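Only one structure is covered here, and it is reproduced in the block below.
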Amino acid sequence: MSARTPARSGPKQARGIAGGAASTAVRVVIDAADDPAWTRAALDAHHPDSGRITLHPTCGASSPPALAQDLLRTLGHQLPPRNPNTPRHRATWADQATPAWTAAACWTGAHRIGHLIVLRAHTLTLTRWEQLAALRRQTGIHLTLVWHRPMDTALRERAARLGTGCQMINSLDTARARWKEKGPQRPHPARHPDAGPRPHGSGQHLIDHVPRIGHPLHAGLLAAQLTSHSNQPEQLAAVRLKDLAPDATALALPHPPYRPTSKLTWHPVPTWAGPLLTAARAWHYLTGHPHPSHKLFQHLNFHHHNQLTDIAAALGFTAAITTLTGDPAWPTPTDTR
């Protein structure tokens, strides 16, 4: 990389292309000399608590969900462990582009991220740019892409495919100001106070680790289980989308026999669990199943149900879910004949 500071472009430091106005939610910062100072400034802007994250893509990662996996890690979520002895048809959900990007969108909203800064944008394929544009449309975030070489035809082609106007910036001072923007503000809901003192030992261990789980439905189910103190798979399976308060501050569990007309008991949701249940609900909206009577954890069977039991077991915890003899997300080899 060059340490030279590129010349500034005077009054035309920021200009719109592809039909966009200067106020557009997508910006491209042009670091023409690949100056380390620009990268440092972008990394310094990373502040999740302020709704702003900086993503540094993994160099050379070429698998379809690679960028989504990078984003999930940047958001603080762990991906399922890979087993080299596992057949490809039983790959984890994170190894498939659609569920990986859906999970990334769910967590982006649940963590109230309003601004995503992506470094090394010149190394990303057109498909990656389109994936980022789709994420912006789903979540409403501001998107800033950092192009570490002079403007060229490839940049113009990618900007034209974003599906929105695009503003070019080639001044470091202007870029710093843009990077500090928080994007759309999402107010924090008024949380119920956590019931009693924070637990010690295994209880605190779970509260520390469950929020790091990558799949929203996996994290949401364990959060519901820990919040309600229910170990009944049938009871948690009966929870509907409308049984979660709009601001995710309370969760209702039905009494036996777990029918739509069953009596409900409401449980306050502690602060740490709110984003997990919010992300689980967002999964339904992003996958086209938003009806309030639909079950909140209904689609676990289609997203590697038994991986959840393995993740919980690794934490020394038994998930309130019935273990399957096979994974219905994929056919077994004998089923493919």
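The values are calculated or read from the model by the stated rules, or taken from the named source; none is laboratory data. Remember, predicted model here, so these are calculated numbers, not experimental data. Every residue, glycine as well, gets a Cβ built from its backbone with ideal geometry; the counts of neighbours run over all protein chains shown. Note: accessible area is taken over every heavy atom of the protein model, side chains too, but ligands, DNA and RNA are not part of it. Shrake-Rupley method; radii C 1.70, N 1.55, O 1.52, S 1.80 Å.
Here are the numbers for this structure:
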| read-out | value |
| --- | --- |
| Boolean, D247 is at pLDDT below 90, under 29 Å from L79 (Cβ atoms) and open to solvent by 60 Å² or more (accessible area, probe 1.4 Å) | no |
| Residues being buried (at least 21 other Cβ atoms within 10 Å of the Cβ), at pLDDT below 90 and in contact with a Ser or Thr (Cβ under 8 Å, 6 or more places away or on another chain) - total across segment 270-304 | 1 |
| Where a residue in segment 224-235 is at negative phi and its partner, wherever it lies, is surrounded by fewer than 16 Cβ atoms within 10 Å (Cβ to Cβ) and modelled with pLDDT under 90, with Cβ under 8 Å and at least six apart | P233/T322 |
| Criterion violated by L217 - all others in (1) on the phi < 0 side of the Ramachandran plot; (2) assigned to a loop (DSSP other than H, G, I, E, B) satisfied | (2) |
| Any pair with Cβ under 9 angstrom, 6 or more apart, that starts in segment 277-289 at a residue that is under 10 Å from A103 (Cβ atoms) and ends at one that is at pLDDT 95 or above and among the β-branched types (V, I, T) | A282/T102; W283/T102; L286/T102 |
| Condition broken by H115, with the remaining ones in (1) touching an Asp or Glu at 6+ places or on another chain (Cβ under 9 Å); (2) at pLDDT below 95; (3) closer than 22 Å to L276 by Cα; (4) open to solvent by less than 60 Å² (accessible area, probe 1.4 Å) satisfied | (2) |
| Total residues in segment 254-310, condition more than 22 Å from I207 (Cα to Cα) and not small (G, A, S) | 27 |
| Residue satisfying all of: in segment 305-326; over 24 Å from the mean Cα position of the chain (by Cα) and either at pLDDT below 70 or farther than 21 Å from Q232 by Cβ (or both); least open to solvent (accessible area, probe 1.4 Å) among these | G326 |
| Residue in segment 1-49 that is nearest to R156 (Cα to Cα), counting only those that are at pLDDT below 50 and outside any loop (DSSP other than H, G, I, E, B) | I17 |
| Failed item in (1) open to solvent by 50 Å² or more (accessible area, probe 1.4 Å); (2) modelled with pLDDT under 90; (3) under 18 Å from the mean Cα position of the chain (by Cα), with G183 passing the rest | (1) |
| Tally of residues being surrounded by fewer than 15 Cβ atoms within 10 Å (Cβ to Cβ), touching a residue at least 24 places away in the same chain (Cβ under 8 Å) and more than 22 Å from I113 (Cβ to Cβ) across segment 24-80 | 4 |
| Flag if L253 is surrounded by 14 or more Cβ atoms within 10 Å (Cβ to Cβ) and under 28 Å from A134 (Cβ atoms) | no |
| The lone exception for T322 - which of (1) without any contact (Cβ under 8 Å) to a residue 40 or more places away in the chain; (2) in contact with a Pro (Cβ under 6 Å, 6 or more places away or on another chain) it fails | (1) |
| Filter result for the condition that a residue is among the aliphatic types (A, V, I, L, M) and within 16 Å of the chain's Cα centre (by Cα), over A100, A121, A175 | A100 |
| Residues located in segment 186-204, provided they are open to solvent by less than 70 Å² (accessible area, probe 1.4 Å) and either modelled with pLDDT of 95 or more or of a type outside the set (D, E) (or both) | R186, P189, R191, G196, P199, G201, G203, Q204 |
| Residue in segment 225-256 that is farthest from P187 (Cα to Cα), counting only those that are in contact with a Lys or Arg (Cβ under 8 Å, 6 or more places away or on another chain) and part of a loop (DSSP other than H, G, I, E, B) | H255 |
| Any hit, segment 139-146, residues being surrounded by fewer than 20 Cβ atoms within 10 Å (Cβ to Cβ) and touching a strand residue (DSSP E or B) at 6+ places or on another chain (Cβ under 9 Å) | no |
